[in-house]
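The structure under discussion appears below in the form of structure tokens.
The values are calculated or read from the model by the stated rules, or taken from the named source; none is laboratory data. Everything numeric here is computed off the predicted structure, so don't read it as measured data. Here Cβ is always computed from backbone atoms with ideal geometry, including for glycine, and neighbour counts include all displayed protein chains. For the accessible areas, the whole protein counts, side chains as well, though only heavy atoms, and no ligand, DNA or RNA atoms are used. Shrake-Rupley method; radii C 1.70, N 1.55, O 1.52, S 1.80 Å.
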Amino acid sequence: MFALVDANSFYCSAEQVFRPEWRGRPIVVLSNNDGCIVAANRQACALGIPKFEPYFKVKSQCEHLGVIALSSNYELYGSLSANMMEVIGRFAPEQHIYSIDESFLSFKHCYPAIPCLIKHGEALRKTVWKETRLAVSVGIGETLTLAKIANHAAKKLPDYRGVCLIDNSAQRKAILSQMLPNDVWGIGRRLSKRLDLMGIKTAYALSQMAPGLARKQFSIEVERTVRELNGEICKGWDQTRADKQQIFSTRSMGERITDSVSLQQALSKHVGIATSKAREQGSLCSVLLIFASNSPFDEQPTGFKITHRFAYPTNNTAEITKIVTGIAQRQFRSGVRYYKVGVGLIDLVNEVHHQQDLFAPQRNSALMEVYDSLNHRYGADSVFMAAQGITPKWSMRRQYLTPQYTTCWQDIPQVSC
């Protein structure tokens, strides 16, 4: 048996942890530079506030309806997520953190010793709420896909109150019959449209598809999904999230960049983010993409996009930063008000299985290990390249940012006794 534990409207719920007076009120969280609505809780959705809509279009509507709009507080979300995952991990011998608000558990070696998985899930929910004040839903099934289905049912279907266990065919059929194909993990909208043309309009109909036909018509991943919907284990931890083939770090600026130094600093910042992700998944970069431009809505859209191929693949932040700052200095054009900048690590290769070259210079991997460990232990950018700048003026705009209650000394809540 597997379980998927997922926080309910995580970004919005995280904002309510230290503001209990906001519980039960409609909340939306905005993207970088307060651009689009990236998260909305149940109360905001009930008022008709759409996700992924530019905030300026619905700002007056939100103010009229009393919807609380907040900037993304990534520092707070990361800290609360780590606490939540620690609590969740106590309830099973094996845990796989899938995303900032989702975690899989495996009961493979302890399921017979648990008298009732539903009560176990309820105890998990209560403990997470008691220790972190975050509401979670628990879905339990024989496969990872069925656990995801059960989690969806625990959240969306009225017969369940935060915990759903799929352990028999009758219940599986009842739940899958109420779900669309694109509600199934791994089935996107485009694939769902193709299934609809084939007369497959529910998740249960998808589960009844012949596995061989699913592989022939679509792919081996769809075949695995069909088999998992029928209780056959086909996916493991290593298959739930494959390594990225490309890694990008890009952002629109809160304040336009008009000088060469600021452009170099902004691009260096993105190098630090991208290379950290590459090292995390054990990848080396063969080709680097650097780009910067003003807004496409400006009178004369201007920018540059440069690729650089490394003689030997690397994930060293210092080495890549040196290349990027040189390119930025050469490509900068006076008079251009740069709005969007970023870097992309493309043509990634596996660090372990990469074919080495006899004449390749020795990589200073120990330095990067210390670099990453310090940032992991003390928080992002505790250590960074000086090329990023100390107090950049181009940081993203976060007008509605709440205090960073758990990561900033001056924002730690004060309790009067």
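Which value, in debye to the nearest 20, describes the size of the charge dipole of region 345-417 about its Cα centre when Lys and Arg Cβ atoms bear +1, Asp and Glu Cβ atoms bear -1, and nothing else is charged? Walk me through the numbers on the way to the answer.
On the way: 5 positive and 7 negative charges, 86 e Å.
The dipole magnitude comes to about 420 debye.
Simple point charges give the picture: +1 on the Cβ of Lys and Arg, -1 on the Cβ of Asp and Glu, and for region 84-127 a dipole about the Cα centre of about 220 debye.
If you roll a 1.4 Å probe over region 246-308 with all protein chains in place, what percent of the accessible area is carbon or sulfur?
On the way: 1320 of 2800 Å².
The C+S portion of the solvent-accessible surface of region 246-308 is 47 percent.
Packing around the peptides 126-132, 48-54, taken as the average count of other Cβ atoms within 10 Å per residue, puts them in this order, highest first: 126-132, 48-54. Karplus-derived 3J(HN,Hα) values for region 405-410, using 6.51 cos²θ - 1.76 cosθ + 1.60 with θ = phi - 60°, are 4, 10, 10, 10, 4, 6 Hz; glycine and proline are entered as x. Peptides 281-294, 62-75, 184-197 ranked from most to least packed, by the mean per-residue count of other Cβ atoms within 10 Å: 281-294, 62-75, 184-197.
How long are the semi-axes of the equivalent ellipsoid of region 25-108, taking √(5λ) for every eigenvalue λ of the Cα gyration tensor, in whole Å from largest down? All intermediate terms of the calculation are to be shown ahead of the outcome.
Details: eigenvalues 207, 34, 21 Å².
So the three semi-axes of region 25-108 are 32, 13, 10 Å.
Using a cut-off of 29 Å between Cα atoms, the listed pairs LYS244/LYS322; LYS57/LYS269; LYS119/LYS201; LYS244/LYS340; LYS173/LYS277; LYS108/LYS155 include LYS57/LYS269; LYS119/LYS201; LYS173/LYS277 as exceeding that distance. Which of the aspartates and glutamates could be linked to LYS193 by a straight reach, that is with a Cα gap under 15 Å, when you skip same-chain ones fewer than 8 residues away? Reachable aspartates and glutamates: ASP183.
Where the eigenvalues come from the Cα gyration tensor of region 100-198, what are the semi-axes √(5λ) of the equivalent ellipsoid, largest first, in whole Å?
26, 16, 13
The tail of the calculated P(r) for region 260-417, taken as Cα-Cα distances beyond 21 Å, holds 54 percent of the pairs. Which shape class applies to region 143-272: rounded if a/c is under 1.5, otherwise prolate when a/b exceeds b/c and oblate if not, where a ≥ b ≥ c are the square roots of the Cα gyration tensor eigenvalues? Because a/c hits 1.5 or more and a/b exceeds b/c, region 143-272 counts as prolate.
Write down, largest first, the equivalent ellipsoid semi-axes of the chain in whole Å, where each equals the square root of 5 times an eigenvalue of the alpha-carbon gyration tensor. Present the calculation step by step, with values, prior to reporting the outcome.
Values: eigenvalues 300, 160, 110 Å².
Each semi-axis is √(5λ); the values are 39, 28, 23 Å.
Under a model in which nothing but the beta-carbon of Lys, Arg (+1) and Asp, Glu (-1) is charged, region 73-176 shows a dipole of about 340 debye around its Cα centre.
Out of every Cα-Cα pair in region 252-296, what percent are more than 13 Å apart? Cα-Cα pairs in region 252-296 separated by more than 13 Å: 64 percent. Cα centroid separation, region 253-284 to region 151-211: 41 Å. The residues of the chain have, on average, 54 Å² of accessible surface per residue, using a 1.4 Å probe with all protein chains present.
If R₀ is 22 angstrom, what is the calculated FRET efficiency for the pair GLN399 and HIS64, using the beta carbon separation as r and rounding to 0.05? Don't skip to the answer; put the middle values down first.
Working: r = 19 Å, r/R0 = 0.87.
The pair GLN399/HIS64 has a calculated efficiency of 0.70.
Mean separation of Cα pairs under 8 Å and 6 or more residues apart, divided by the residue count, gives the chain a relative contact order of 16 percent. When each of the peptides 5-12, 98-105 is scored by how many other beta carbons lie within 10 Å of its residues on average, the order from highest to lowest is 5-12, 98-105.
Using θ = phi - 60° in the Karplus curve 6.51 cos²θ - 1.76 cosθ + 1.60, the 3J(HN,Hα) couplings for region 257-267 round to 9, 10, 9, 5, 5, 5, 5, 5, 5, 5, 5 Hz; x is entered for Gly and Pro. Toward the positive end of the charge dipole of the chain, with +1 on the Cβ of Lys and Arg and -1 on the Cβ of Asp and Glu, the farthest Cα among VAL383, CYS62, TYR111 is that of CYS62.
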